[in-house]
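Enquirer: Dropping a structure here in structure tokens format, bear with me for questions.
The values are calculated or read from the model by the stated rules, or taken from the named source; none is laboratory data. Only a predicted model underlies this, so the values are computations on that prediction, with no experimental measurement involved. So basically every Cβ, Gly included, is an ideal-geometry build from the backbone, and we count neighbours across all protein chains shown.
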Amino acid sequence: MKSSQGKGSTPANDRKFLLPLLICLVLAALTVAVYWQIKDSGFIKLDDNLFVYQNAYVQSGLNWNSIRQAFSTELLERAGWVPLTWLSLMLDTEILGFHPSSYHLTNLLLHVINTILLFLILRRMTKTLWSSAFVAALFAIHPLHVESVAWIAERRDVLSTFFMMLTLGAYGYYVEQRNLKLYAFVLLFFILGLMAKPMLVTLPFVLLLLDFWPLERFGEIKPVQKMQTEVLKPEITGKPKKKSGKKGDLKEIPEFRKTMEIQKPGETEYKWSLIYPLLLEKLPLFVITIVLSFATFVAAQSEGYIADVIPLGTRIGNAFISYISYIGKMLWPFNLAVFYPYPGRVIPWQVFGSIFLLSGITLAVIWRAKRFPYLSTGWFWYVGTLAPVIGVVQLGAQAMADRYTYIPLIGLFIMVAWGVPELLKKVHYRKEILWAVSVLCILCLSVITWKQVGHWRSSLTLFDHTLSVTDNNWLAYDGRCAANNEAGNHRQAIEDCDKALQLKPFYVTAYNGRGNAYSALGNYKQAVEDYSRAIEIKQDYADAYYNRGIADAALGNYKQAIEDYSRAIKITPGHTDAYNDRGAAYYILGNYNQAIEDFSRAIKINPNFTGAYFNRGVAYARSGNRDMAINDLVAAARLGDERAKNFLKINKISW
């Protein structure tokens with residue numbers, strides 16, 4: 001009796017579907033388990049202020065004004081042109097609320113999705129299950145990736161990589177079906193990825209590498225070759241014998257008379273006629289890359305992101321060293337830090353040693369490209385995707401950064417996942433050894449990553465760890481100064497800022513941080529002196545003007561405070577705190593109309609600004625507009641302002 005069960009529901013097909021699904025679930029569970037403690041982490045006193053907790057547009061959630069500002073030059077000055085990153089943070093605020101865990105958990109979710117997509121894409125392209133799973137597992141739990149996931153400000157990394165994975169997936173389907181609609185999705189996802197982080201400019205190059213391997217579009221497979229052997233003859237000794245004509249004569253056995261054939265596997269033959277169309281196919285992507293790269297460079301240079309003070313020779317030398325250092329940290333992921341200070345000079349033997357190693361590896365993978373194509377794809381993936389941030393064009397003051405490896409390490413993982421099994425091809429118990437080593441590797445990396453995530457629990461724990469594993473780290477001292485100020489340890493904050501200024505005498509944020517500490521201790525004159533020194537070094541330093549305005553107000557110099565608040569607003573038009581505090585200064589001087597106008601501007605930028613509602617309500621009351629005053633106090637109470645709640649309760653006004 002024939003089975004009525006369809007072909008698609010056989011046990012083999014069910015297993016073919018269920019095993020990848022199970023791997024996806026394991027990858028997701030492993031990633032969440034290793035990173036779960038970030039839900040209790042707070043904001044970091046390094047760039048998180050620019051992205052979230054001092055960003056009025058992000059705090060206001062998703063609204064027409066914030067959407068418009070996501071594409072504005074004002075936010076471009078903070079972190080470059082990353083509108084999708086801003087929109088994603090605004091969406092977090094809108095849906096999950098303004099709390100560190102909201103942003104941390106979204107980062108984790110994106111990292112989990114990226115891991116699963118990487119596995120599915122590699123499996124579909126390579127038709128190899130376990131190597132693809134191992135690459136995805138390394139991507140998920142490698143300690144070098146903690147910075148990209150645990151740092152809210154690096155939403156750019158996980159979000160842009162999400163769109164990169166979608167681009168790679170769409171490209172895989174396009175190659176299979178050659179459908180222009182699918183190519184349109186490739187373009188769309190690529191553009192969206194660039195809007196999350198411009199580092200994705202190398203993606204067209206990655207697609208060419210995938211064309212080489214595993215898609216094998218650079219050449220065609222030669223037909224199977226046949227090798228002929230000579231006709232087998234029996235060995236004859238002594239004199240020749242007469243033909244006997246017997247049945248057993250070798251002469252009559254066809255197997256020995258027939259020419260034997262041995263099949264030899266075909267080889268890939270690379271042809272320019274096949275490669276040239278692939279380049280044309282990527283032309284729209286390369287055009288977008290060139291245009292955006294130029295625009296990003298000009299914008300970064302105009303905003304002062306590019307550090308020209310470091311000599312070109314030093315930058316090039318450090319770039320070679322960094323390529324090797326990242327490989328070292330991949331193999332031995334210890335002493336990781338949020339900031340690696342730029343060395344005063346590069347050591348020649350390290351530069352030449354790095355050049356020798358890089359050249360040797362490059363020549364080796366090119367030499368073995370036909371036999372082991374995955375080595376070439378993996379190596380050039382690593383070298384190429386790291387190139388925009390390797391430091392020849394210096395963005396920032398760091399010598400290197402863990403977050404820069406989020407995408408590039410995939411290339412090295414590919415080399416390991418396909419290369420090691422090949423290396424052990426003739427070893428007894430190869431399968432058992434690979435399983436044991438893979439599991440041990442994943443377990444060890446998981447433990448190290450869990451510990452590394454713990455350092456990101458707070459600014460204090462992060463900068464304490466950074467100072468313990470690096471030397472002369474002026475930025476870490478400044479970050480710990482800000483963290484101590486927030487914790488109320490103002491005298492310790494002054495000591496940290498002093499150390500930062502000893503290492504980097506013209507570091508303006510250290511002057512600003514020390515000024516904040518003096519202000520908190522009531523030493524406003526010393527605070528004004530530090531803020532003024534910061535402004536002298538950097539004349540467009542909005543925070544220093546704003547903080548000096550606070551100190552001026554505390555000293556009773558309200559007119560001077562208004563001038564400083566106004567300068568801060570001119571530099572940063574969305575500075576809601578400056579509007580609010582300038583309004584308070586106008587209120588004290590009796591200019592209620594101007595005060596109401598400033599409070600209203602703060603509310604327009606951030607509709608959830610509780611303090612501005614309360615202050616405007618007080619100003620309305622003082623100017624005799626009772627109805628408007630009650631409306632604002634009710635709004636403040638609904639947003640959680642205890643002063644407004646108490647006032648309304650005393651006056652028996654429901655809200």
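Enquirer: I'm trying to understand the selection: among the residues of region 340-352, which are surrounded by 20 or more Cβ atoms within 10 Å (Cβ to Cβ) and in contact with a Phe, Trp or Tyr (Cβ under 9 Å, 6 or more places away or on another chain)?
Expert: The one that is surrounded by 20 or more Cβ atoms within 10 Å (Cβ to Cβ) and in contact with a Phe, Trp or Tyr (Cβ under 9 Å, 6 or more places away or on another chain): Val346.
Enquirer: Something else about it: Pro408: surrounded by fewer than 21 Cβ atoms within 10 Å (Cβ to Cβ) and on the phi < 0 side of the Ramachandran plot, yes or no?
Expert: On the way: surrounded by fewer than 21 Cβ atoms within 10 Å (Cβ to Cβ): no; on the phi < 0 side of the Ramachandran plot: yes.
In short, no.
Enquirer: Let me ask another. Being surrounded by fewer than 19 Cβ atoms within 10 Å (Cβ to Cβ) and either of a type outside the set (A, V, I, L, M) or in contact with a helix residue (DSSP H, G or I) (Cβ under 6 Å, 6 or more places away or on another chain) (or both) is the filter here, so list the residues in region 318-328 that pass it.
Expert: Ile324, Ser325, Gly328
Enquirer: Which one of Leu207, Leu129 is farther than 19 Å from Ile44 by Cα, touching a helix residue (DSSP H, G or I) at 6+ places or on another chain (Cβ under 8 Å) and surrounded by fewer than 20 Cβ atoms within 10 Å (Cβ to Cβ)? Explain how you work it out, then say what you get.
Expert: Working: Leu207 fails: surrounded by fewer than 20 Cβ atoms within 10 Å (Cβ to Cβ).
Exactly one residue qualifies, and that residue is Leu129.
Enquirer: If you go through region 339-388 one residue at a time, how many are under 21 Å from His142 (Cβ atoms) and touching a Lys or Arg at 6+ places or on another chain (Cβ under 9 Å)?
Expert: 1
Enquirer: Please enumerate the residues belonging to region 617-644 that are without any contact (Cβ under 8 Å) to a residue 24 or more places away in the chain, closer than 22 Å to Tyr587 by Cα and not aliphatic (A, V, I, L, M).
Expert: As a first pass, look at region 617-644 and keep what is without any contact (Cβ under 8 Å) to a residue 24 or more places away in the chain: 621, 624-635, 637-638, 642.
Now narrow it down to the ones that are closer than 22 Å to Tyr587 by Cα: 621, 624-635, 637, 642.
Gly624, Asn625, Arg626, Asp627, Asn631, Asp632, Glu642, listed by residue number.
Enquirer: Looking at region 332-355, which of its residues are in contact (Cβ under 8 Å) with a residue 40 or more places away in the chain and assigned to a loop (DSSP other than H, G, I, E, B)? Full working, then the answer.
Expert: If we filter region 332-355 for residues that are in contact (Cβ under 8 Å) with a residue 40 or more places away in the chain, which is where we start, we get 333-343.
Hits for region 332-355 are Pro333, Phe334, Asn335, Leu336, Ala337, Val338, Phe339, Tyr340, Tyr342, Pro343.
Enquirer: For region 458-481, how many residues are surrounded by fewer than 16 Cβ atoms within 10 Å (Cβ to Cβ) and in contact (Cβ under 8 Å) with a residue 12 or more places away in the chain?
Expert: 4
Enquirer: Limited to region 40-72, what total is found for residues that are at negative phi and assigned to a loop (DSSP other than H, G, I, E, B)? Break it down stepwise before answering.
Expert: Start the filter on region 40-72 by keeping residues that are at negative phi, which leaves 40-46, 48-60, 62-72.
Narrowing further to those that are assigned to a loop (DSSP other than H, G, I, E, B): 41-46, 54-55, 60, 62-63, 71-72.
So the answer is 13.
Enquirer: Looking at Ala500, Ala436 in this structure, which one is crowded, with 17+ Cβ neighbours inside 10 Å and at pLDDT 95 or above? Let's see the steps before the verdict.
Expert: Details: Ala436 fails: crowded, with 17+ Cβ neighbours inside 10 Å.
The unique qualifying residue is Ala500.
Enquirer: Taking region 35-53 only, how many residues are surrounded by fewer than 17 Cβ atoms within 10 Å (Cβ to Cβ) and among the aromatic types (Phe, Trp, Tyr)?
Expert: Selection size over region 35-53: 1.
Enquirer: Go through (1) surrounded by fewer than 18 Cβ atoms within 10 Å (Cβ to Cβ); (2) modelled with pLDDT under 95; (3) on the phi < 0 side of the Ramachandran plot for Arg315 and report which single condition fails.
Expert: (1)
Enquirer: What number of residues within region 551-595 are buried (at least 24 other Cβ atoms within 10 Å of the Cβ) and aromatic (Phe, Trp, Tyr)?
Expert: Qualifying residue count for the region: 2.
Enquirer: Here is a further query. Would you confirm whether any residue within region 73-83 is in contact with an Asp or Glu (Cβ under 6 Å, 6 or more places away or on another chain) and part of a helix (DSSP H, G or I)? Talk me through it step by step, then tell me what you get.
Expert: Our first condition is that a residue be in contact with an Asp or Glu (Cβ under 6 Å, 6 or more places away or on another chain); within region 73-83, this holds for 77.
Subset that is part of a helix (DSSP H, G or I): 77.
Yes, that holds for at least one residue.
Enquirer: Something else: Which one of these does Tyr173 not meet: (1) touching a Lys or Arg at 6+ places or on another chain (Cβ under 9 Å); (2) crowded, with 21+ Cβ neighbours inside 10 Å; (3) not aliphatic (A, V, I, L, M)?
Expert: (2)
Enquirer: I need the helices (runs of 4 or more DSSP H) fully contained in region 549-651, keeping only those with at least 2 residues that are among the small types (Gly, Ala, Ser).
Expert: Numbers: elements: 558-571, 576-588, 592-605, 610-622, 626-638, 642-650.
Those helices (runs of 4 or more DSSP H) span 558-571, 576-588, 592-605, 610-622, 626-638.
Enquirer: Which of the residues belonging to region 352-406 are hydroxyl-bearing (Ser, Thr, Tyr) and farther than 28 Å from Leu46 by Cα?
Expert: So in region 352-406, the residues hydroxyl-bearing (Ser, Thr, Tyr) come out as 354, 359, 362, 374, 376-377, 382, 385, 404-406.
Residues satisfying the conditions are Ser354, Ser359, Thr362, Tyr374, Ser376, Thr377.
Matching residues to (1) more than 19 Å from Val206 (Cβ to Cβ); (2) assigned to a helix (DSSP H, G or I); (3) at pLDDT 85 or above:
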| position | (1), (2), (3) |
| --- | --- |
| Val291 | no, yes, yes |
| Val309 | yes, no, no |
| Leu357 | yes, yes, yes |
| Gly360 | yes, yes, yes |
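Enquirer: Now, a different point. Are any residues in region 140-182 part of a loop (DSSP other than H, G, I, E, B) and in contact with an Asp or Glu (Cβ under 8 Å, 6 or more places away or on another chain), and if so, which ones?
Expert: We begin by selecting, within region 140-182, every residue part of a loop (DSSP other than H, G, I, E, B); these are 142, 151, 178-179.
Trp151 - this is the single residue of region 140-182 that is part of a loop (DSSP other than H, G, I, E, B) and in contact with an Asp or Glu (Cβ under 8 Å, 6 or more places away or on another chain).
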